[in-house]
């Protein structure tokens, strides 16, 4: 297996060096334009995800400043836009909510440590080059988890949309509570929330084609469609300010302290290091989910320009970014899908676009927070609901059901547990189910009794083809590497086949699909060989791959094998049964 | 995959029906002779393993009666001899010792429940046909575990051999305690123990060849060698009785109640069902280890006669046998290796041999216990030490080190943890390490860039062979099924190869070694396809296996693939680059 020549250590550990020396004026212009667009998008998103995570609005803004600077230095994607994101905010709320009620200082402490621990874990995994761990989050499990998270997120925002108190964290709890409190719905809040939701949905669906029909250019219609959510929120805020909605009981963002984030360090708390233990698993899952989300979007954007990202460098960049997020406000971040695509399409050429976005957000945090005062929470809830609509992918369930029942089972289990027990239970069960399925499949390899297609040198499954077989020679093809998981299965299988065929004197194992034989399988082969020998049957091998044969020879193969090793299965049959009568199986 | 026609349900669930109707007089004679030999062997073994498990001697005898009757009815091996065994007795002592001190009624309660729970678990696994679970105990882990257990067992018997108190359960603890108490060694005890050990070892090594040299027939020498341990113990007992060794401080078996086992039921204890929780994992491990030991010996003996055993029926038989062991004395049992081989070689033809052995043991328990009174514990310790010598297989460590470093790592981890932490920690860590290694290997499949061997239609790895390649066509062969564990690895790999080869316009994936594509890998293929398409590159497949192609078509393959599906890789290259100049890589 060859790979391109690796870059120098400096370029590996400080990816900024890859682009900063070639940075040109036109790069700066492109990055700057993209940064303006992303800043406009990131302000309401930051506030909304802070609300979702149960944190004050400024935490969302702060999490969109320093982490972006860190990512620009350490990241390898030219378009990834880092900041608070929907699923990680939900996971943050679930983990912190299990320790303390929302709004308490203990809750903020837990969120701070979630950012710090998930950052440290990502950084460690990145330094150890263990990005491979994320591979064990199978796609069906991820789909099931993200879809269920989207539904949970939408349900969690109902309280803001209706203006009623709801504190459940599972779908059944939220629905039952919602049923009992829906009578207390606050009319003006619902009006603002549902109205914003309707306008946002309409703009999302109809604005671009509508403007095109009015004769706007494609680019202008595109920009207008992207700016629409910000404009809609600005309009809602203006209306609420004019009508003094807060005095009518509509909950608004309120006073957001103006200024830049200060360095924060909440201390270890009463429990010392041991007190962090309940946060370790959530932080690990947060690191993995954040990484998978980030690296997926980063890879697909990089591929469009025929570039590459370095997954381990991404882990380090996200890890350092989350440590930066912790000390500058305390709120976990990751690369967001929607805003990264916008960043890419707006023309971002290098990670410097993230630097400029950070400057934009810093400007908002320093000077524009008074403008956010009258922004109603119901409008932010509507923003979140529209954003998570794209997460819920019901057709994926049907698609995976058709393709593979076992993959569907893992997906459905993940989604069901996420909705009814919690995000960690769902994700954990999904990963375990995927691994169990892989092991189960591995433990029951496909094995075929093979015979020769008359007139050729090809050997095929006797059950699928009309083939010739010889009574005293049994040909078996194993379609899987031999490992401890299936070694005993092969023992059982050979024993059963031989017991059912009293005429057999030679067994030939066709090894063309065997890429590896581990130590357990080697011993099973020896066991099979011994048992066959005691019954007066010889064991032969055919079509053994080079690396497998090298290893078998190191294990002294010629000495213990009663039969021979043949280069081709055809040669084996010709040698063992040169003139035996062939019987042909029906097709 | 075909298997022999399954027997009727009655034969499946009551395997006794398979042989009882054909039972002949000559079978009875052969079984009876074997039963006498096994009874002679089982009496001292039962007492010794009861001592190892920290149970009174009669518990060992009782565990060799009813379980044998149950196994004869439900078992499928004609030669397996069930009863107390070394490793399971060690595991029993470790699990019960963690709950209560040896000799207390709480200790006996724990052992009773270990037998009952491991029996229930085996029975359940057998009914659910989950014998496959035992496959996940890889051979290296099992070797490491059994060797370490052998050392631990030998170390645990030092106290009986030296006549000093030692209560540790790990090797370091036993050695440190032994170092401090060795000064208190009881001379007469050591004399008896070391003497018995020396004579047993000498008889084991030299008796058979010695008698042969004296002109004995092979059969007579064989029988004498097998009877020797019993004769030696009988002689030691007689000497101790004559010298009244017990009055000189030598610990002897003492008064063993005469009679048959009564039905016992210790109740749930104060904790109710919840009180059994700490015993669940040990009972599960006991069930799995007992099953693996039993099924290994059963299979190898069956194969010698070209017979088969049914692993799931074996699980049920061992499960029911352990439940019977619990209610008739309370001590876990399994099929023992040494005595099963003796049973086989003494001529046992059917499981009825076990029935006769049970009658023999019942006779001993009812009438001969007074003869056991003066048997010294030090002599039993010597018996155990000689028996476990065969368990310690140090050459296996060297063999597996040479064959596979990663398998060796799992083996060494298991052995080290078993010796220093405990049997459950060792076994658990070993299983997890094996699974992790399997997943890791699965996650990094071998992928080769392939080119054509000039003048043939064969395509081989460009790094191993002198082959022709075409600049604008990249041929890749993946030597592994595509699953979630390696899907993203393939994405990265293709991205890296394409980024390194600007001339590439077509990528052909040779799928000859791909036996399965799961839902995650399907999406990864689609992602690869999309990313390549955005870079202006087409993706093709070649040599896709039938079942894999069926599934891809169900997932709408022709619609989303930008390239074509070729029957052979050769055809792909001929179609995509009919007249391109070939460059030949150096060999």
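Structure above, values below:
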read-out: Options B:48, B:59, B:96, B:72: the member that is modelled with pLDDT under 90 and assigned to a helix (DSSP H, G or I); value: B:48
read-out: Test for residue B:229: is it in a helix (DSSP H, G or I), free of Cβ contacts under 8 Å to residues at least 60 places away in the same chain and under 26 Å from residue B:33 (Cα atoms); value: no
read-out: Looking only at region B:483-520, and only at residues there that are under 38 Å from the mean Cα position of the chain (by Cα) and more than 8 Å from chain A (Cβ to nearest Cβ), the one that is nearest to residue A:439 (Cα to Cα); value: B:517
read-out: Residue match in region B:523-539 (condition: more than 12 Å from chain A (Cβ to nearest Cβ) and buried (at least 22 other Cβ atoms within 10 Å of the Cβ)); value: yes
read-out: Index of the failed condition, residue B:495 passing every other in (1) surrounded by 21 or more Cβ atoms within 10 Å (Cβ to Cβ); (2) in contact with a strand residue (DSSP E or B) (Cβ under 6 Å, 6 or more places away or on another chain); value: (2)
read-out: Of all residues making up region A:359-411, the number that are within 25 Å of the chain's Cα centre (by Cα) and farther than 19 Å from residue A:234 by Cα; value: 24
read-out: Residues that are more than 16 Å from residue A:334 (Cβ to Cβ) and crowded, with 24+ Cβ neighbours inside 10 Å, drawn from region A:58-77; value: A:61
read-out: Residue match in region A:454-464 (condition: surrounded by fewer than 17 Cβ atoms within 10 Å (Cβ to Cβ), over 21 Å from residue B:480 (Cα atoms), away from every other protein chain (no Cβ under 14 Å) and in contact with a strand residue (DSSP E or B) (Cβ under 8 Å, 6 or more places away or on another chain)); value: yes
read-out: Tally of residues being part of a helix (DSSP H, G or I) and closer than 13 Å to residue A:159 by Cβ across region A:180-213; value: 7
read-out: Wholly within region B:498-587, helices (runs of 4 or more DSSP H) carrying at least 1 residues that are over 14 Å from residue B:476 (Cα atoms), touching a residue at least 24 places away in the same chain (Cβ under 8 Å) and not assigned by TED's automatic domain parsing to the domain that holds residue B:460; value: none
read-out: Test: residue in region B:397-420 that is surrounded by fewer than 19 Cβ atoms within 10 Å (Cβ to Cβ), assigned by TED's automatic domain parsing to the domain that holds residue B:168 and outside any helix (DSSP H, G or I); value: no
read-out: Conditions (1) more than 23 Å from residue B:556 (Cα to Cα); (2) in a helix (DSSP H, G or I); (3) in the same structural domain as residue B:556 (by TED's automatic domain parsing); (4) within 43 Å of the chain's Cα centre (by Cα); number of the one not met by residue B:429; value: (3)
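Residue by residue, here is whether (1) within 14 Å of chain A (Cβ to nearest Cβ); (2) touching a helix residue (DSSP H, G or I) at 6+ places or on another chain (Cβ under 8 Å); (3) under 29 Å from residue B:70 (Cα atoms) holds:
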| site | (1), (2), (3) |
| --- | --- |
| B:113 | no, yes, yes |
| B:119 | no, yes, yes |
| B:135 | yes, yes, yes |
| B:157 | no, yes, no |
| B:163 | no, yes, no |
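Here is a yes/no grid of residues against (1) in the same structural domain as residue A:53 (by TED's automatic domain parsing); (2) within 19 Å of residue A:67 (Cα to Cα); (3) assigned to a helix (DSSP H, G or I); (4) at pLDDT below 90:
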{"position": "A:300", "(1), (2), (3), (4)": "yes, no, yes, yes"}
{"position": "A:316", "(1), (2), (3), (4)": "yes, yes, yes, no"}
{"position": "A:321", "(1), (2), (3), (4)": "yes, yes, yes, no"}
{"position": "A:325", "(1), (2), (3), (4)": "yes, yes, yes, no"}
{"position": "A:329", "(1), (2), (3), (4)": "yes, yes, no, yes"}
{"position": "A:341", "(1), (2), (3), (4)": "yes, yes, yes, yes"}
{"position": "A:355", "(1), (2), (3), (4)": "yes, yes, yes, no"}
{"position": "A:358", "(1), (2), (3), (4)": "yes, yes, yes, no"}
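The values are calculated or read from the model by the stated rules, or taken from the named source; none is laboratory data. What you are looking at is a predicted structure, and each value in this text was computed from that prediction instead of being measured. Glycine gets a Cβ as well: all are built from the backbone with ideal geometry, and neighbour counts include every protein chain shown.
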